[in-house]
């Protein structure tokens, strides 16, 4: 079994996800890391984009999911992204980390995040 992975780090978008009214109306910045378990052997030999997963398409899909609609929880957002990536790309497994970069934490400093792993 191959353990090849396509990795994308820090895909950013501005969204209106969250429980607070400020998050829902003003919005916040999000950052997503995605790891897709895919067989990269053919692309490593052929140097052909058609033999791999286009990371640009993956990044665009993450941004589309993140900027359409609104959810309360980053857990739900991560789940929606993971589902879309598994459905639309030939990955056996995906790992998705979603970070809320500008959360309204009332004077506290921190970057909340969740990480989900989903498989076929």
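The values are calculated or read from the model by the stated rules, or taken from the named source; none is laboratory data. In this text, all values refer to a predicted model and were calculated from it rather than measured experimentally. Note: ideal-geometry Cβ built from the backbone for every residue, glycine included; neighbour counts use all protein chains shown.
Listed here are the residues, each with its yes/no results for (1) more than 16 Å from residue 80 (Cα to Cα); (2) surrounded by 13 or more Cβ atoms within 10 Å (Cβ to Cβ); (3) out of contact with any helix residue (DSSP H, G or I) (no Cβ under 9 Å at 6 or more places or on another chain); (4) at pLDDT 95 or above.
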{"residue": "18", "(1), (2), (3), (4)": "no, yes, no, no"}
{"residue": "25", "(1), (2), (3), (4)": "yes, no, yes, no"}
{"residue": "31", "(1), (2), (3), (4)": "no, yes, yes, yes"}
{"residue": "34", "(1), (2), (3), (4)": "no, yes, no, yes"}
{"residue": "37", "(1), (2), (3), (4)": "yes, yes, yes, yes"}
{"residue": "40", "(1), (2), (3), (4)": "yes, yes, no, yes"}
{"residue": "48", "(1), (2), (3), (4)": "yes, no, no, yes"}
{"residue": "53", "(1), (2), (3), (4)": "yes, yes, no, yes"}
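Do you know which of the residues in region 94-115 that are in contact (Cβ under 8 Å) with a residue 12 or more places away in the chain and surrounded by fewer than 16 Cβ atoms within 10 Å (Cβ to Cβ) is nearest to residue 51 (Cα to Cα)? Break it down stepwise before answering.
Restricting attention to region 94-115, the residues satisfying the condition of being in contact (Cβ under 8 Å) with a residue 12 or more places away in the chain are 94-104, 111-115.
Narrowing further to those that are surrounded by fewer than 16 Cβ atoms within 10 Å (Cβ to Cβ): 101-102, 104, 111-112, 115.
Values: 101: 34, 102: 38, 104: 43, 111: 36, 112: 36, 115: 28 Å.
Within region 94-115, the match that is nearest to residue 51 (Cα to Cα) is 115.
Here's a check for you: in region 91-112, which residue that is in a loop (DSSP other than H, G, I, E, B) and modelled with pLDDT of 95 or more is nearest to residue 30 (Cα to Cα)?
Residues of region 91-112 that are in a loop (DSSP other than H, G, I, E, B), as a first pass: 91-92, 101-112.
Remaining after also requiring modelled with pLDDT of 95 or more: 91-92.
Values: 91: 23, 92: 25 Å.
Looking at residues that are in a loop (DSSP other than H, G, I, E, B) and modelled with pLDDT of 95 or more, I get 91.
Taking region 81-90 as the region of interest, how many residues are out of contact with any strand residue (DSSP E or B) (no Cβ under 8 Å at 6 or more places or on another chain) and either crowded, with 20+ Cβ neighbours inside 10 Å or assigned to a loop (DSSP other than H, G, I, E, B) (or both)?
If we filter region 81-90 for residues that are out of contact with any strand residue (DSSP E or B) (no Cβ under 8 Å at 6 or more places or on another chain), which is where we start, we get 84, 87-88, 90.
Okay, now just the ones that are also either crowded, with 20+ Cβ neighbours inside 10 Å or assigned to a loop (DSSP other than H, G, I, E, B) (or both), so 90.
Count: 1.
Scan region 64-72 and tell me whether some residue there is farther than 20 Å from residue 102 by Cα, surrounded by 12 or more Cβ atoms within 10 Å (Cβ to Cβ) and out of contact with any strand residue (DSSP E or B) (no Cβ under 6 Å at 6 or more places or on another chain).
no
Does region 1-20 hold any residues that are in a strand (DSSP E or B), over 14 Å from residue 91 (Cα atoms) and touching a residue at least 40 places away in the same chain (Cβ under 8 Å), and which are they? Even if it seems obvious, please write down each step before you answer.
The first filter runs over region 1-20 and keeps only residues in a strand (DSSP E or B), leaving 5-15.
Remaining after also requiring over 14 Å from residue 91 (Cα atoms): 9-15.
Across region 1-20, the qualifying residues are 11, 12, 13, 14, 15.
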